[in-house]
């Protein structure tokens, strides 16, 4: 499968990569859309960049892909984020992985978390997004904590700023 690019509006595109990852990318201006309207194949160019450069590492979007857009006189990336459905799948997969690593079946974790087994199943398969309270109950049921991944800046150095009350 090749990367697919489709416009959501003149400043945003939806990308589905050959790996199956889905992103929404916003640009600084409508220039790329206007080029496309004048038969300059921007969406084909963007798809080819993803096919060539994207291997599952999102940093390439704001890195080399953005750099190539600028070099070729296209509008640069303003923002990107994963498709919300894909985020649910990632969270659900991680919960299932952790549950299985603790040799816990779905019913046991659901009982410990105080939720219905079918609710936990829907979370694990990505059909339901857990709210923070449910996520906390699931973590407690596995005797784990909810942890956030440290972000890294473009130079691959860990960010050192703290969030303080």
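Considering only residues in segment 46-66 that are assigned to a helix (DSSP H, G or I) and in contact with a strand residue (DSSP E or B) (Cβ under 9 Å, 6 or more places away or on another chain), the one that is surrounded by the fewest Cβ atoms within 10 Å (Cβ to Cβ) turns out to be 59.
Residues are listed down the side, and each one gets a yes or a no for (1) at pLDDT below 95; (2) more than 17 Å from residue 4 (Cα to Cα):
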residue: 46; (1), (2): no, no
residue: 55; (1), (2): yes, no
residue: 61; (1), (2): yes, no
residue: 75; (1), (2): yes, yes
residue: 78; (1), (2): yes, yes
residue: 82; (1), (2): yes, no
residue: 90; (1), (2): yes, yes
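Residues are listed down the side, and each one gets a yes or a no for (1) within 30 Å of residue 13 (Cα to Cα); (2) loosely packed, with under 13 Cβ neighbours inside 10 Å; (3) outside the structural domain of residue 13 (by TED's automatic domain parsing):
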| residue | (1), (2), (3) |
| --- | --- |
| 91 | yes, no, yes |
| 99 | no, no, yes |
| 105 | no, yes, yes |
| 110 | no, no, yes |
| 117 | no, no, yes |
| 122 | yes, no, yes |
| 129 | yes, no, yes |
| 134 | no, no, yes |
| 139 | no, no, yes |
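Taking the conditions exactly as written (over 30 Å from residue 136 (Cα atoms) and out of contact with any helix residue (DSSP H, G or I) (no Cβ under 6 Å at 6 or more places or on another chain)), does residue 51 satisfy them or not? Show your work before the answer.
Working: over 30 Å from residue 136 (Cα atoms): yes; out of contact with any helix residue (DSSP H, G or I) (no Cβ under 6 Å at 6 or more places or on another chain): yes.
Spelling it out, residue 51 is indeed over 30 Å from residue 136 (Cα atoms) and out of contact with any helix residue (DSSP H, G or I) (no Cβ under 6 Å at 6 or more places or on another chain).
Consider segment 70-102 and keep the residues that are within 30 Å of residue 31 (Cα to Cα), assigned to a helix (DSSP H, G or I) and without any contact (Cβ under 8 Å) to a residue 24 or more places away in the chain. The one that is nearest to the chain's Cα centre (by Cα) is 70.
Among residues of segment 29-57 that are at positive phi, none has a Cβ under 9 angstrom from a residue that is assigned to a helix (DSSP H, G or I) and surrounded by fewer than 19 Cβ atoms within 10 Å (Cβ to Cβ) at a sequence gap of 6+ or on a separate chain.
The values are calculated or read from the model by the stated rules, or taken from the named source; none is laboratory data. Owing to the predicted nature of the structure, the values given are computational and were not obtained by experimental measurement. Virtual Cβ from ideal backbone geometry, glycine too; neighbours counted across all protein chains shown.
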